[in-house]
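Here is the structure we will look at, set down as structure tokens.
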2 protein chains.
Amino acid sequence: MFEMRERAGLGRIGRLETPHGVVETPALMPVVNPSRLTIPPRRLREAFGVEVLMTNAYILHRGDLRERAVEEGIHKLLDFPGPVVTDSGAFQQHVYGRVDVSNEEIVRFQVEIGSDLGTALDVFSEPEDPREACEEAVQTTLVRCREAAGWRGEMGLVGTVQGGLFPDLRQESAQGLSELPVQVHAIGGVVPLMEAYRFRDLVEVIVASRKGLRPDRPVHLFGGGHPLVFGLAVLLGCDLFDSASYAKYAQDGRMITARGTTHVADLRYLACDCPACHGATPRDLREDQQRLAEHNLHASLRELREVREAIHEDRLWEHVEGRCRAHPSLLDALKTLRGHVEFLERFEKATGRHVFYTGPETIWRPVAWRFRRRVLERYRPPKAEGILILPEAARPYSRTYAPVLRRLFRRASAHALVKSVFGPVPVELDGVFPVGQSVVPRELDVEALEASEAFLQAFLRKGHFAFGLLWEGKESLEEIAAKAPGEAPVDMDLARARALADHQFGPRAADALLAGEVTFVKSKRTAKVRNILADGKHALSLRARDGLYTLKLAGGRRLHGAFQAPRLRVVVVEESAPFNREGKNVFAKFVVSADEAIRPWDEVLVVDQEDALLAVGRALMNRDEMLAFGQGVAVKVREGLAAV
Amino acid sequence: MFEMRERAGLGRIGRLETPHGVVETPALMPVVNPSRLTIPPRRLREAFGVEVLMTNAYILHRGDLRERAVEEGIHKLLDFPGPVVTDSGAFQQHVYGRVDVSNEEIVRFQVEIGSDLGTALDVFSEPEDPREACEEAVQTTLVRCREAAGWRGEMGLVGTVQGGLFPDLRQESAQGLSELPVQVHAIGGVVPLMEAYRFRDLVEVIVASRKGLRPDRPVHLFGGGHPLVFGLAVLLGCDLFDSASYAKYAQDGRMITARGTTHVADLRYLACDCPACHGATPRDLREDQQRLAEHNLHASLRELREVREAIHEDRLWEHVEGRCRAHPSLLDALKTLRGHVEFLERFEKATGRHVFYTGPETIWRPVAWRFRRRVLERYRPPKAEGILILPEAARPYSRTYAPVLRRLFRRASAHALVKSVFGPVPVELDGVFPVGQSVVPRELDVEALEASEAFLQAFLRKGHFAFGLLWEGKESLEEIAAKAPGEAPVDMDLARARALADHQFGPRAADALLAGEVTFVKSKRTAKVRNILADGKHALSLRARDGLYTLKLAGGRRLHGAFQAPRLRVVVVEESAPFNREGKNVFAKFVVSADEAIRPWDEVLVVDQEDALLAVGRALMNRDEMLAFGQGVAVKVREGLAAV
């Protein structure tokens, strides 16, 4: 029912199948009131490209259109041929304090009118609700979702996570719902947080919910309709948004943009070229509510396209860090992500395009955190006496230093390392993602400098070296290189190859992959290593793009022999094995287990349940996703054993 | 010829008059090649709202269209009825190393074809050029501009600042040009900097040039056509941009946005709703160069409207701080502004809407720097023994602390102050701009915290108090308040009034303004002081919006008596005096001198050349601007002596 196509962070571009067609996510569902259509649904589809609508079943159930909705069905009533999602009345409970409908009535009504996705009557918790009330709301919501599953028929069901501001209750609620046969999860009770710019709390709620939810179902941020939060929410794993705001804000003369809301009356210039704004003046929008609503919807849909494109271009983190400058409360929300880096890292790809430093928050991105941890845990320094520590500015993207670094490294007793904001970078790893692909300002924030120092100290505490020498730019690097003791030549290619093997595949991977006779095949144009042969067999390729290895079958065989299960393994069922052995991709539904340490885009070994090697390839999912998803590719197989 | 209408930082919304009509600035001049019109000029005007065009006189002079250009005139040749600006060939010197035309030939040619603004043949300096070469380029350019002034006839003349990367040469060049009768200044030789993302150097060049230029002429950033730099350049005082990029980039399949450039071939989604993009796919743009050029132009013009709106809404600094997250090189450029804060502050308004903290750079904004300096130089603390220092979180926008702070303050021997990132905030000044209008995240960057500590230490070193007590949140504020010695009641209204008077008008202003019997008139609704009567006369009003005073005539009289000239004065010529005395505004052309310390939006005294008080009002310019501008209002007069 839901398939992941592209990803960045916990964000994903997905395909959600419904009885009335496929929806590409992240998607915005404009909320329409059948009795008061600001923009007719057909026009939403044709002029705005809207794929899915949302409407409120509770309001419909109480209103004049109830009979017609049942007779004609919701699609005909709305004159919208695509999927329609219905809400149950939980939000009206928040607004009016109570609702006059039972769970059974409202669920059966949604089935009757032909909703594509209907919602059980969940119990809304206010942010200030005490723990007991939130606990009860969680339990009642769970019971109602379970009941609803029995009445739903062909209708997809939305199960809503509640739990107020209590992370453990949110997670519990999410776990309970994950066990039920619902198709979409919603995160409820968040509108008051967004209205009060409590984005920090919003982050805590989304993360806690996401921790408890199965990863294979789309997540709807209930009432999340302002483009201000789209990027952040998508980064944390939200796939669906609904917006009544485009019309409501227009009623108040308020204009929505990705950086906030402005009263049209205050505007002098229209910095928007959408069909509603192009050629118009602020006055035109002020005097035409429908036109303003159309702008608001265009701006919201545009930001979602921008978010999708940021996923596609692998720059979602940059996008979110940029957007979070729009308001200090969003900046606060961004800063709280640091506390969740360990969770976020599990979904973070092993590679990427580049890392642009946008502020002190950047050094806490999962890719930077992972790099630092790997240097601490996996890096085995050469047998050098001392270490020369170079400043951030000496990182290899600054071409001046690279040759000097290499010369220093060749003098075996003085190893060199760069004290970067992403952690200490041993010279052997200077081209590896994210370090080799990152761009950092020349002048660094104090916070970044302090963190950089702390990371370095953690590395030095491991006691690899008898002395450390911090180069502060007073002598030239050449002078230092001349002074460094020892002349034993180091094979730089081999040293790099070994360091990377351990860094990418884990401690001792180098011993397995690079044992025996090692041959480096270099690019004629760049003189850089492109392929590595071990005992004459092509074991590894080195990617220019991210400085990481592509694993070939010969390398896979070595790792398979050296590492015990479950390390690096994706285990498939018997019926899948022959296909994978022939080089066909591994589908998630055939995966029975996998190494917990696998991250998306990691190089992996595909094995059968007897641990016989079938293929090598690139994982597109982490373990939890492989085990949860019923659709989609888990491992893109590169070489199967039978294909050789 | 040029008039300033609205302002923020050194940025301004202006009106530039030319023979073919008025141009609103900041403006983008699309560059058109008459032999190869990507978008026809008439369409640029009608569909894009372009007010002014630029074309290259050198290329025209060498090409087939030369005769026609002379016969028909440039406006008919281009079929564009609005102003046309022409370049001279200096950029071709950069591209091809030489040009085959003399200064006289090219200037006379531009006059012949009827350019609205023509350019003397300036000498382009490359960023790597040595000092001597740059010096010569500056001198030659000056000579050529002086010559050109003799040939120009009715044509406006553009004088281009050169000087390579040498700030003193840039400033010298600018000063030399300021003395010539040219109408527009351009900053030349910057294209190589922008192409190489050397934005830090770009900032140094613009600031150095701007320091030397008269403030009443519009400044053109030559070749600055990418929206990435518009906000930053406008903030530093650039008014005109020209873009050949929209068409050139389209030829290479590159798409321009305010956050950079992307190859259309890499795109999957179009996050743009401009007329060229709406409803289109990336493929449509890839296959249609004209369409891509139209997008590029729409995106560039849109960013300029966004910048204008940011000036109008007084949030240009926020806009620029946000945009500078697009690339680490821009962030570096933003950070260098700190080094120019003293220059920037001279143009910064005395008030504003709000300050949103966007990162450690925010604490170095001119308004924050000015607030800190004033607290150090102008604040006279009460005769308290000790001082209680509260954390940033205790700032008054957090309602919890405000009553406790007030209670503390009433116990005279324990004064209270908040250690804010904008500097130490004495409780009496807690509502004053920018502190009372700023929003700061709960979690602060280390850099901001350290700066905040350094500002506090500078304040404490002044030795006002016997002891300082830092509240770290361990006791409740109420407990501390109870412990504080002394019970002498302090008149909070008077204390605030006095502190603000000194802060806004300078040391000892309180003694003058608030001598005698002081009456506070409070708002019935908010119970806040709105008006202050001194000896029964309305001396001051207190603005709710920014917590600053509006000066009334009675207050002006007191300041005039207490402060010697030139303090707070704007001196006007005799012929202006009667009008100002009747309450009419002061026009810049009638100002003969003014207090160097006056900042835009400051409350000032208008006096005649005998120092007789004529009126009080709000300055719209600083002194240099008042003396330079031939058009526009220098002081918005509130009350004239004769009107009372």
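The values are calculated or read from the model by the stated rules, or taken from the named source; none is laboratory data. Since the model is a prediction, treat every value here as computed from it, not as a measurement. Neighbour counts run over all protein chains shown; Cβ positions are idealised from the backbone, glycine included.
Figures for the structure shown
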{"item": "Residues of the stretch B:445-465 satisfying the condition of being closer than 24 Å to A:F199 by Cα and either of a type in the set (D, E) or surrounded by 23 or more Cβ atoms within 10 Å (Cβ to Cβ) (or both)", "result": "B:D445, B:E447, B:A448"}
{"item": "Residue list for the stretch A:438-452, restricted to those being within 7 Å of another protein chain (Cβ to nearest Cβ) and part of a strand (DSSP E or B)", "result": "A:V439"}
{"item": "The stretch A:419-439 - residue that is out of contact with any helix residue (DSSP H, G or I) (no Cβ under 6 Å at 6 or more places or on another chain) and within 22 Å of B:R198 (Cα to Cα) and, of those, surrounded by the most Cβ atoms within 10 Å (Cβ to Cβ)", "result": "A:V435"}
{"item": "First in the stretch B:96-107 and of a type in the set (S, T, Y), second anywhere and assigned to a loop (DSSP other than H, G, I, E, B) and at pLDDT 85 or above, Cβ under 8 Å, 6 or more apart", "result": "B:S102/B:L121"}
{"item": "Those helices (runs of 4 or more DSSP H) lying entirely in the stretch A:490-577 with at least 3 residues more than 28 Å from A:Q437 (Cβ to Cβ) and at pLDDT 95 or above", "result": "A:553-562"}
{"item": "Residue within the stretch B:153-160 that is modelled with pLDDT under 95 and not in a helix (DSSP H, G or I) present", "result": "yes"}
{"item": "Selection count where residues are in contact with a helix residue (DSSP H, G or I) (Cβ under 7 Å, 6 or more places away or on another chain) and either at positive phi or part of a helix (DSSP H, G or I) (or both), scope the stretch B:142-152", "result": "6"}
{"item": "Exclusive hit being on the phi < 0 side of the Ramachandran plot and in contact with a Leu (Cβ under 6 Å, 6 or more places away or on another chain), set A:V50, A:V22, A:V31", "result": "A:V50"}
{"item": "Helices (runs of 4 or more DSSP H) wholly inside the stretch B:8-107 that include at least 3 residues being over 33 Å from the mean Cα position of the chain (by Cα)", "result": "B:57-62, B:66-72, B:74-78"}
{"item": "Among (1) more than 22 Å from A:A208 (Cα to Cα); (2) in a helix (DSSP H, G or I); (3) within 11 Å of another protein chain (Cβ to nearest Cβ), the one test that A:I363 misses", "result": "(3)"}
{"item": "Filtered residue count, the stretch B:340-366, keeping only those that are in contact with a helix residue (DSSP H, G or I) (Cβ under 7 Å, 6 or more places away or on another chain), within 23 Å of B:Y549 (Cα to Cα) and crowded, with 19+ Cβ neighbours inside 10 Å", "result": "6"}
